[in-house]
Amino acid sequence: MVDQRRPSQTLAAAASFFNGERLTMARQLAGLKKSHLAGLIEMSPASVTAWESGVKQPNRATVAKLALALRVEPQFFGGGAPPKVNKPHFRSLRSTPQIAQDEAEAYGRFVAEIAGMLENVVEFPQVLLPDLPVDTDERSMTPEDAARGARGFFAVPPGPIQHVVRLVERRGVVVVFSEPGVAAIDAFSLHTSTRPIIILNPVKDDYYRQRFDVAHELGHLIMHHDAEPGGKVAEEQANRFAAEFLMPADEIAPFLPNSTAGKAWAQLAELKEHWGVSLAALLYRARSLGIMGDVSYRNAMVRMSQNGWRRAEPGRMSSLEMPSMLPRAKEVLSEAGVDNETFLSGSGLPVGLYEIAASRVPIGARG
């Protein structure tokens, strides 16, 4: 139902119950430090800290200023606590500024909240992921073991996986594109109190690399429940998981070349299209399986650089695999006559950000 109250009534309701955790979430979604937000509303950083911690509550006029500065509706601050999420698995914590990490984590909370709201009206698949933890020393299980176990758990037949995004969504994983403010961060994933989430980079417009990203993040969700995000060991393990998940060694090894001489590049191009992985991934796979030596691998990567393929490889597939879980739920609501504003009314969640999260394709700008 659409909120029919006048603006003054909405502000009064928001001010009467103000959840500081939601202010933190909105500030982080906007990519702002406390001092920056304080400057925008002409208040002190100490006041922002007090509101976020729950020590104090802002008055009605201040709630209006906060809502305007953070591009949310005033009632956003009166909702319940944001969904709990684990620390996201970023590719590199060192190269990811804290403000960007906070924004990405807040976006994960936003996606979890949107998914929960949609699931109240549209049935989603049950979460079915295998529990295959891999330790740093790999004494009990290796990433390759976990990948083979995952293919078995998902009943993946021999050969290439036709649609990786669809595969993980059918197992209950929410897949979305990130908002542009987080576009500097590569794909990342996180567990929430309800559903695991994979968030894809909207700028990386490459079908083959996107599939590897999804498999990489699936590896984190399956193997690394307690691993420190961003660690080199965990990232390498996720890469190994993705390689075995997409290109099982016993199936692809007989077809990988030991050098790039002769017709090897044409052979690699055919393998790229068949398995849906990049040339770079195939070359690294050949090296890691001991099929291609270090010298041949280095020569191949030099050739890749000379041809400009390190930035943009040639390939037949021009469109990305598209998420469908949230987009389809949004379409079902639309078909029932429920538009975006009506669906979000009362929550105060930004419509533009909802449209990004529930889109089948990357959207370049926030609404």
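The values are calculated or read from the model by the stated rules, or taken from the named source; none is laboratory data. What you see is a predicted model, and the numbers here were worked out from it, not measured in a lab. Note: ideal-geometry Cβ built from the backbone for every residue, glycine included; neighbour counts use all protein chains shown.
Pairing residues of segment 116-136 that are among the aromatic types (Phe, Trp, Tyr) with residues that are modelled with pLDDT of 95 or more and part of a loop (DSSP other than H, G, I, E, B), at Cβ distances under 7 Å and at least 6 apart in sequence or on separate chains, gives Phe124/Gly172.
Taking the conditions (1) in contact (Cβ under 8 Å) with a residue 60 or more places away in the chain; (2) touching a Phe, Trp or Tyr at 6+ places or on another chain (Cβ under 8 Å) in turn, Leu66 satisfies each one other than (1). From the list Val127, Val122, Val174, the one residue that fits, being among the aliphatic types (A, V, I, L, M), under 19 Å from the mean Cα position of the chain (by Cα) and crowded, with 16+ Cβ neighbours inside 10 Å, is Val174. What about Ala14, is it at pLDDT below 95, closer than 25 Å to Leu344 by Cα and buried (at least 20 other Cβ atoms within 10 Å of the Cβ)? Answer is yes for this residue.
Just one of the listed residues (Ser288, Ser259, Ser278) is among the polar types (S, T, N, Q) and surrounded by 18 or more Cβ atoms within 10 Å (Cβ to Cβ), namely Ser278.
From the residues in segment 61-78 that are modelled with pLDDT under 95 and among the charged types (D, E, K, R), which one is surrounded by the most Cβ atoms within 10 Å (Cβ to Cβ)? Per the criteria, the residue is Glu73. Of the residues making up segment 249-279, those that are touching a Gly at 6+ places or on another chain (Cβ under 9 Å) and part of a loop (DSSP other than H, G, I, E, B) are Asn258, Ser259, Ser278. Set side by side, the residues Ala147, Ala184 differ, and just one is within 23 Å of Gly219 (Cα to Cα), of a type outside the set (Val, Ile, Thr), within 22 Å of the chain's Cα centre (by Cα) and buried (at least 20 other Cβ atoms within 10 Å of the Cβ), which is Ala147. Applying the set (1) touching a helix residue (DSSP H, G or I) at 6+ places or on another chain (Cβ under 8 Å); (2) at pLDDT below 95; (3) within 20 Å of Thr136 (Cβ to Cβ); (4) crowded, with 19+ Cβ neighbours inside 10 Å to Gly230 leaves exactly one unmet item: (1). For segment 201-228, a residue qualifies if it is over 20 Å from Pro130 (Cα atoms) and under 15 Å from the mean Cα position of the chain (by Cα), and the qualifying residues are Asn201, Pro202, Val203, Lys204, Asp205, Arg209, Gln210.
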